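The values are calculated or read from the model by the stated rules, or taken from the named source; none is laboratory data. Since the structure is predicted, the reported quantities are computational estimates derived from the model, not experimental observations. When we count neighbours, we look across all protein chains shown, and the Cβ atoms used for this are built from the backbone with ideal geometry, even at glycine.
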Amino acid sequence: MSGFASEIREGTPESDDARSPESSRVVDPARENDEQIVEAALRPKRLADFPGQPRVRDQLDLVLRAARQRGTAPDHILLSGPPGLGKTTLAMIVAAELEQPIRVTSGPAIQHAGDLAAILSSLAEHEVLFLDEIHRMSRAAEEMLYLAMEDFRVDIIVGKGPGATAIPLELPPFTVVGATTRDGLLPAPLRDRFGFTGRLDFYDPADLARILRRSAGLLAVQIDDDAVVEIAGRSRGTPRIANRLLRRVRDWAQVHGDGRIDRGAAAAALDLFDVDPVGLDRLDRAVLDALCRKYGGGPVGITTLAVAVGEEPDTVETVAEPYLVRQGFLERTARGRTALRAAWTHLGLIPPHTAIGQDVLPFDGVATRFE
């Protein structure tokens with residue numbers, strides 16, 4: 001096995017201990033020092049256990065059932081959406097539902113066509129190949145993947161220059177599961193080769209509450225219903241964040257209480273970790289604070305805003321901005337970022353009088369502080 005790919009046999013009967021009663025009941029506390037181990041243990045193993053995303057779940061269930069009935073490999077699957085919504089989990093579930101092994105790698109790890117050729121040539125029949133961040137593959141590897149996905153073969157180039165020879169290598173039928181956070185960066189020829197595309201959206205609080213109750217059971221944590229609601233409301237619609245906050249609240253309850261999580265413990269712990277009642281963290285509030293206090297509500301360019309909060313523009317644009325836009329705090333315009341009325345209210349500031357009754361607060365050129 002090469003160093004840039006790993007193999008996980010989630011769906012094979014001989015290694016499917018993840019579904020045994022003992023292993024599915026609780027996470028081993030002795031292994032909780034590894035966050036990745038804990039996150040993997042909290043992931044559902046089957047589509048029936050996957051909460052939220054009902055449309056994608058039902059569509060994927062149909063694709064996989066039909067393939068099993070035909071005894072063939074299903075069409076290639078593309079999963080897109082923001083980080084933390086379950087793309088990797090669904091890829092593992094695809095292999096488990098098909099009862100096939102899964103090969104795991106990522107786009108950044110495949111920088112040469114030879115890297116991809118080594119992986120493809122070792123795939124077994126009907127095996128699942130999971131390519132995370134598929135939009136970050138090199139161009140040469142993408143072109144090889146086109147042929148492999150469509151015709152199940154690759155051309156191995158032997159030699160260099162005019163004397164180079166292409167030797168075709170036939171591949172057994174397999175399924176590519178690609179995951180991307182930026183599907184707009186995928187070349188059209190690659191995107192068109194996926195027979196099924198599932199777009200994952202942010203979760204509503206009810207689905208997050210179900211996820212938190214399940215995770216609390218696996219972690220052997222006692223938690224009240226109102227504490228579940230409190231954590232779910234601050235999780236930004238993202239299961240990964242919800243599970244991470246649950247573990248931090250559990251730590252607080254263990255150190256400062258009797259281990260049971262009630263609403264007071266959840267609120268105190270989340271306040272300690274700078275997660276406010278609507279889910280904004282330190283970076284989110286810094287962006288809004290700079291936009292409103294320093295630049296009068298904008299518009300202001302993303303680079304200027306990033307400098308004001310001491311972060312890279314990519315960090316502000318990909319980490320903080322999507323949630324702020326979705327929550328109605330921020331608007332992206334051709335002239336730059338502007339603060340909406342909710343941003344001023346959340347910070348406890350009074351918007352400029354000229355902006356009263358308007359959704360977007362214009363900047364008159366004077367960075368005035370309104371309190």
Checklist (1) outside any helix (DSSP H, G or I); (2) touching a residue at least 40 places away in the same chain (Cβ under 8 Å) applied to Arg332, failing item
(2)
Among (1) touching a Pro at 6+ places or on another chain (Cβ under 9 Å); (2) over 21 Å from Ala41 (Cβ atoms) - the single one Arg210 does not satisfy
(2)
Residues to consider are Gln254, Gln222; find the one that is modelled with pLDDT of 85 or more, in contact with a Lys or Arg (Cβ under 8 Å, 6 or more places away or on another chain) and of a type outside the set (D, E, K, R).
Gln222
Looking at region 190-265, what helices (runs of 4 or more DSSP H) fall wholly within it and have at least 3 residues that are small (Gly, Ala, Ser)?
205-218, 225-233
In region 43-92, the residues that are of a type in the set (D, E, K, R) and in a loop (DSSP other than H, G, I, E, B)
Arg43, Lys45, Arg46, Asp75
Some residue of region 142-163 being outside any helix (DSSP H, G or I) and closer than 30 Å to Ala242 by Cα
no
Consider Gly107 carefully, then state whether it is more than 26 Å from Gly71 (Cβ to Cβ), at pLDDT 85 or above and small (Gly, Ala, Ser).
yes
Scanning region 298-329 residue by residue, the ones that are among the aromatic types (Phe, Trp, Tyr) and either without any contact (Cβ under 8 Å) to a residue 24 or more places away in the chain or more than 19 Å from Asp276 (Cβ to Cβ) (or both) total 0
